[in-house]
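K.L.:
The structure under discussion is supplied below as structure tokens; questions concerning it will follow.
No lab work stands behind these numbers, since they all come straight from the coordinates. Keep in mind that what you see is a predicted model, and the values were worked out from it rather than measured. Glycine gets a Cβ as well: all are built from the backbone with ideal geometry, and neighbour counts include every protein chain shown.
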């Protein structure tokens, strides 16, 4: 496996792979790789002739300098994990390689898919995601880009970004990987204290409660959202930010629950903020 730190070197390496007739798979990450990330690498390995993993803690998607400073970093462990999962390249650039000082270009995505939920609670976050993903896909060139459904709103935004900017990538969404107690794998889980970690599966239970309500025949989004919120409220350590029933494509709340839906939930446990989601299909 080759470690690369420069955009030009990444582009050259992946161009050479395509020249050999190999399809390129790209797995963008912010590092501190966990089972969810590694499932993306493994899928890319199964579907592509060459696999590149990016490890870059992107400053433009953080709305809090303290959150950026505390975000876990573990490059040596990431390199070992990426190699074990089948990566051929790890792209781990310094911030100066990805952004001039100060940055002069930023990609913005508009509309409900970018302005609701995470867009409302974390102003600038999804624009930061759109900016760094545009840079990574421009550097990687034609590829299959793998993203986890755990960050579902991000996945919707990236798909729109690729479509409207005509970027030469096929976005592949992959299922959320969970701990045995239902907690979605996330690098942020490492920052939970023991009591907070024990309480964190309340987000999964809230999603399951919402799904049960829908499958039992409840079609009022507000009623389903109240059931989810009640589940989060049952945990003294959790502070709900939002619980929502949305259309899976637009991320808008429908007047009546029908078709392909996503249940979304965000809550704080102590100093940490966790998000999760679950798809529900109603005929």
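K.L.:
Any idea what angle helix 35-47 forms with the longest principal axis of the chain, computed on alpha-carbon atoms, 0 to 90 degrees, nearest 10?
P.N.:
Between helix and principal axis, roughly 50 degrees.
K.L.:
Here is a further query. Report, for the chain, the % of DSSP beta bridges that are antiparallel, rounded to 5.
P.N.:
Working: 21 of 41 bridges.
Roughly 50 percent of the beta bridges in the chain run antiparallel, per DSSP.
K.L.:
Which semi-axis lengths, in whole Å and largest first, follow from the square roots of five times the eigenvalues of the Cα gyration tensor of the stretch 1-87? The partial results should precede the final answer.
P.N.:
Details: eigenvalues 124, 47, 23 Å².
They are 25, 15, 11 Å, listed largest first.
K.L.:
Using only helices, what value at 222 nm comes out for the chain when you add -39,500 (n - 2.57) per DSSP H run of length 4 or more and divide by the total residues, to the nearest 500 deg cm²/dmol? Display every interim value, and only then the final one.
P.N.:
Values: 12 runs with 117 residues, N = 283.
Mean residue ellipticity, 222 nm, calculated: -12000 deg cm²/dmol.
K.L.:
Another question, then. Give the calculated FRET efficiency between residue 1 and residue 258 to the nearest 0.05, with a Förster radius of 51 Å applied to their Cβ-Cβ distance. Don't skip to the answer; put the middle values down first.
P.N.:
Values: r = 47 Å, r/R0 = 0.92.
According to the calculation, E is roughly 0.65.
K.L.:
Right, something else. Can you compute the label reach from residue 16? Point 7 Å from Cα along the Cβ direction, backbone N cut-off under 12 Å, restricted to the stretch 91-119.
P.N.:
Under 12 Å, as judged by backbone N against the label point of residue 16, lies no residue of the stretch 91-119.
K.L.:
As I understand it, the value is the acute angle between the Cα axis of helix 152-164 and the longest principal axis of the Cα atoms of the chain; what does it come to in degrees, rounded to 10?
P.N.:
That helix lies at roughly 50 degrees to the long axis.
K.L.:
Using only Cα atoms and rounding to the nearest 10 degrees, what angle (0 to 90) does helix 75-85 make with the longest principal axis of the chain?
P.N.:
90 degrees
K.L.:
Something else: Given labels modelled 7 Å from the Cα in the Cβ direction, how far is it in nm from residue 282 to residue 76?
P.N.:
Modelled inter-label distance: 5.2 nm.
K.L.:
Given springs between every Cα pair under 10 Å in a Gaussian network model of the chain, which of 137, 192, 263 has the largest fluctuation?
P.N.:
The residue with the greatest mean-square fluctuation here is 192.
K.L.:
Here's something else I'd like to know. Neighbour counts of other C-beta atoms within 10 Å: give me 1, 228 arranged from fewest to most.
P.N.:
Numbers: 1 15, 228 28.
Arranged by neighbour count, lowest to highest, 1, 228 become 1, 228.
K.L.:
Next up: For the chain, what is the per residue volume of the convex hull drawn over the alpha-carbon atoms, in cubic angstrom?
P.N.:
For the chain, the hull spanned by Cα atoms encloses 131 Å³ per residue.
K.L.:
When the Cα atoms of the stretch 187-277 are enclosed in a convex hull and the volume is divided per residue, what value in Å³ results?
P.N.:
Looking at the stretch 187-277, the number lands at 87 Å³ per residue.
K.L.:
Using a 7 Å offset from the Cα along the Cα-to-Cβ direction at both residue 121 and residue 166, what is the distance between the two label points in nm, to one decimal?
P.N.:
Distance between the two pseudo-spin positions: 3.7 nm.
K.L.:
A follow-up question, please. From the square roots a ≥ b ≥ c of the eigenvalues of the alpha-carbon gyration tensor of the stretch 111-190, which class results: rounded (a/c under 1.5), prolate (a/b over b/c), or oblate?
P.N.:
Working: a/c = 2.07, a/b = 1.32, b/c = 1.56.
Taking the square roots of the gyration eigenvalues as a ≥ b ≥ c, the stretch 111-190 is oblate.
K.L.:
Which shape class, rounded, prolate or oblate, goes with the stretch 144-217 when its Cα gyration tensor gives a ≥ b ≥ c as root eigenvalues, a/c under 1.5 marks rounded, and past that a/b bigger than b/c marks prolate? It would help to have the intermediate numbers written out before the result.
P.N.:
Values: a/c = 3.12, a/b = 1.59, b/c = 1.96.
Oblate, because a/c is 1.5 or more while a/b does not exceed b/c.
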